[in-house]
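Just below is one structure, and these are the notes that go with it.
Read-outs: derived from the displayed coordinates by stated rules, not from any lab. As the structure is a computational prediction, the values presented were derived from the model and not from experiment. Because the Cβ atoms are built from the backbone with ideal geometry, glycine has one as well, and the counts that use them run over all protein chains shown.
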């Protein structure tokens, strides 16, 4: 199977988003570079932390630190592409979700983010 | 190294095996612990585990699945009793008697043992809080209207007092210093932190020491202080610090002086291939350069990463500033850096108000430590500033001065 077939079969990213659904997170500009926010849990959707790195790129992970119950979107420290949980200093890569230092040993689930018409969405 | 043996069931021991595997060490990995349980998290022992909603189960640090996944040889109920570095041999004792384990690399992670009140070991109702068994024994004695005397108003004592008050226990804290924790936080901030006890109905008797534990048929009945005051007690909790668990190293030739002396990679001085991690290790923290022994939970993980990097030949990772927290009366107290290296130059807010923030400056005016209550986001900013060595006055203007 060629790459183009692959894309045709799965659809473009936008079509995928529409197929599997997306959640509105915020308007572009609501989140300054270096900041983060929480998209609250809703029904089957878990709470998601949305980050904007210093380059203005958006990334999203599960909101709750994998070490102990704490919101990374609301209360954390974003340093480049790393988020630090302020309770026990667990550190994660916001792009991959990888746990980078103790006490975190489990990666964060990650979510794709799309921007469209000035709105930021987190894909399910 | 083909076989690394980690001695202890401590946080440092668990972090060491986890870090070694994460760094790619694929040799044999043995963890020797004198406890009956797989390693569990100790901070909750003086907090959540004593709360009414707890069922007394510990928070595991290492699960059976972890043991399998990390391919560990865990030997519980096995106490280290001696070390022969020349023969790379660890001597242990378990149910079946003494035996020897040969190693290529060794990590000493035996932690600390709590100081006890002399002569009280066999008194029913006098407890320290270090192990799960300790915490469960204390828990069994908590209840509405019981009377507890806490000896030592440091973190463990204060956390116990907080949980005990929440359970309707009458609490009196006895503290030798005029102001508890003054040696760590300075008098002003320490007094503010200690003020929550009285506000929450616990009595604090500072500048007093214990003369005698009064018993009745082997059971604690009261605590008599140096000034003659007698405090009736159903339970005594002793939190007067801890000493490195290094008795088993006597005769080993390892340099021990209030902890095992290590170099900047946590390698024991003069003993390549032997490391120490956690409360038991004394090392020149890269940010300070002078030997420190740090009894903080996060320190164990930081050091384990350093050891693992050294074992597999990687560059030493950055070591963050010391960090510790304490949960008391519904407030979270967070401390970063080393307040004791400076003086409190800015103190804003209060513990009761949930907005205490104290900045400590070193002799050159730079931020060397901070204490923050109930504001983790601020704590992170201060941590950054302390790491960068920003002048404390600048930090205060930028982060603490009210926007109005």
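A few remarks follow.
- Distance (nanometres) between label positions extended 7 Å along Cα→Cβ at residue A:44 and residue B:87: 6.4 nm
- DSSP-defined beta bridges in the protein assembly as shown - what % are antiparallel, rounded to 5: 70 percent
- Estimated FRET transfer efficiency when R0 is 35 angstrom, pair residue A:106-residue B:387 (beta carbons, to 0.05): 0.85
- Computed on the Cα atoms alone, the convex hull of the range B:173-300 gives a volume of 162 cubic angstrom per residue.
- For the protein assembly as shown, convex hull of alpha carbons as volume per residue, Å³: 188 Å³
- Translational diffusion of the range A:21-123, µm² s⁻¹ [Kirkwood Rh, Cα pairs; Stokes-Einstein; 25 °C; 0.890 mPa s]: 185 µm²/s
- Tensor-based shape of the range B:116-240 (alpha-carbon gyration tensor, a/c under 1.5 rounded, otherwise prolate or oblate): prolate
- Cα gyration tensor shape for chain B, rounded if a/c is under 1.5, else prolate or oblate: oblate
- Residue B:209 versus residue B:227: modelled label distance in nm, points set 7 Å from Cα along the beta carbon direction: 1.6 nm
- Cβ-based exposure ranking for B:69, A:52, B:15, B:116, in which fewest neighbours within 10 Å come first: B:69, B:116, A:52, B:15
- Shape call, the range B:330-400: gyration tensor on alpha carbons, a/c limit 1.5: prolate
- Taking other C-beta atoms within 10 Å as the exposure proxy, B:368, B:347, B:92 rank B:347, B:92, B:368 from fewest upward.
- Beta bridge orientation in the range B:173-286: antiparallel %, DSSP, nearest 5: 70 percent
- Among B:94, B:48, sorting on how many other beta-carbon atoms sit within 10 Å of each Cβ, with the fewest leading, yields B:94, B:48.
- You can think of it this way: the chain between residue B:64 and residue B:176 has 36.0 nm of extra reach, that is 0.36 nm per residue less the Cα-Cα gap.
- Within chain B, DSSP assigns beta bridges of which about 60% are antiparallel (rounded to the nearest 5).
- The length gained by stretching the chain between residue B:53 and residue B:73 to full extension, at 0.36 nm per residue less their Cα-Cα distance, is 3.8 nm.
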